[in-house]
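The values are calculated or read from the model by the stated rules, or taken from the named source; none is laboratory data. Since the structure is predicted, the reported quantities are computational estimates derived from the model, not experimental observations. We place every Cβ from the backbone using ideal geometry, glycine too, and count neighbours over all the protein chains shown. SASA here: full protein model, heavy atoms, side chains in, ligands and nucleic acids out. Shrake-Rupley method; radii C 1.70, N 1.55, O 1.52, S 1.80 Å.
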Amino acid sequence: MTKLSGTYYDGLTTHSTPVRLELDDTNVLHVLGLPTPVAHPLSAIRVSPRLGDTTRALYFPDGAKCDSADNTAVDELERRAGTGKLSQLVHSLESRWRNAIFAGLILVLLLAIGAHWGIPVLARRVADAMPAAMAHDLGRGTLQALDSTVLKPSELPPDVQERIRGQFAVMARHYPELPLSLHYRRGIGANAFALPDGSVIATDELVKLSTNDEEVLAVLAHEIGHVHHRHSLRMALESSTLVLLSSAYFGDVTQLTTLSAALPSVYTRAAYSRELETEADTFALQYLDESHIRRQRFANIMRALQKEMGGDAAGGMQYLASHPPTSERIKRFEAK
C-alpha cells in the first residue's frame, strides 16, 4: 500500500485541509482526514509532471485537488497507473549534472546553427514573399533619418550630379519594376549603398575617387543588385529575429511594417554577408556585359577603394561601409 501526506482543496472554496492519502491494492486512492471519506480510481486522477523536487498536484475528477511534496510516493502512484514515464525520464536526466551540461551544450549548438544558417534562410523566404509595394514602403523615411544623423548634403558641382544622374536614369530603365532614384551625400567616405525603397546613395568621395563615370556606374549597378535581391530588407529581418520568426510562422507579412523604424540603425552597424555581396556582384557583372561596359571599370574602382581604405580588411571602412573591396572580388571582375 502506497501512503503519502498532502494538502486537500475541495475546488469550491480556498479552504485547505491536511490529509493522508493511501492507495489500496485495487488502485483506488483514499483521502483520509476529511469529514466525509473521499476515494477515486487512480486511473481517473491526473498527476502534474515532476519538476525537480517542487510540490506536485493530484487533480481529482470532482474538481478537487491535493498538493504533495512527497515526490517519491507520487512517482509510485504514476508507476502504478502506468503513466509519467516521460516526466520521470526527464527528471532522471536533469538530476545528473553531466546530462545537464551536455543538454546545455546541445542547446547552444542548436542556437548557433539556427543563427548562422536558419535565420538567413528564413529572412530570404520572408523577404521574397513580401509584396513589392510593401517592400519599397519599408525604406521610406530611412534616408531622412540618416540625413539627420550621419549624412551631409552633397557638394558635388550640379553639372557632375546631373551628368551621372542622366546615366543612372538609363540604367533604371532596364529595371522598370524597381522604383530607383539616385541621391548624393557626403561625410562617410567613398561609398555607396541602397535602401529597400529603391534609393541609391553615392557619396561625393566616391565620385571624386573615380577616374571616369563608368566606374561610378559599375558601383551603382552593384547597388541596384542589392535592391533587386532585397538584400537590405533581408539584413533588417535578420537583425529583427522576433519579427522574422513570427512573420514566417504565422504568414503575416503585415507585421514587417515595424521594421521601418529599425532600418536606420541596421545601416549604421551591419554589413552584407559574402553571399549577398556575391549576388550583387553577379547582378553588376550581367549589367556591365549587357551594356558593353568593361568589367575592368568595377575592378578599378574597387582597387581604388581598397587603396583608400588601407588594405583588404573591412576594419578600416567608414560608417555604413557595407561592402569591403576584397582582392577576391576584384579578381572575379578581371577574369576573362
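For the reader, a short list of remarks on this structure follows.
- Of all residues in the stretch 58-83 being crowded, with 16+ Cβ neighbours inside 10 Å and among the aliphatic types (A, V, I, L, M), the one that is nearest to Leu4 (Cα to Cα): Ala73
- Per-region count, the stretch 273-294, residues under 13 Å from Val219 (Cβ atoms) and either of a type in the set (Val, Ile, Thr) or open to solvent by 70 Å² or more (accessible area, probe 1.4 Å) (or both): 1
- Matching residues in the stretch 186-214 - criterion: being in contact with a helix residue (DSSP H, G or I) (Cβ under 8 Å, 6 or more places away or on another chain), open to solvent by 10 Å² or more (accessible area, probe 1.4 Å) and under 16 Å from Arg163 (Cα atoms): Val207, Ser210, Thr211, Asn212, Asp213, Glu214
- If only residues of the stretch 23-48 that are in a loop (DSSP other than H, G, I, E, B) and among the polar types (S, T, N, Q) are counted, the one that is farthest from the chain's Cα centre (by Cα) is Thr36.
- Pair list, Cβ under 6 Å, 6 or more apart: the stretch 32-45 residue under 18 Å from Ser16 (Cβ atoms), other residue of a type outside the set (A, V, I, L, M, F, W, C) and modelled with pLDDT of 90 or more: Leu32/Arg20; Gly33/Arg20
- Taking the stretch 125-234 as the region of interest, none of the helices (runs of 4 or more DSSP H) fully inside it holds 2 or more residues being in contact with a Ser or Thr (Cβ under 7 Å, 6 or more places away or on another chain), within 17 Å of Phe283 (Cβ to Cβ) and modelled with pLDDT of 95 or more.
- Odd one out for Val28 among (1) among the β-branched types (Val, Ile, Thr); (2) out of contact with any Pro (no Cβ under 8 Å at 6 or more places or on another chain); (3) at pLDDT 90 or above: (2)
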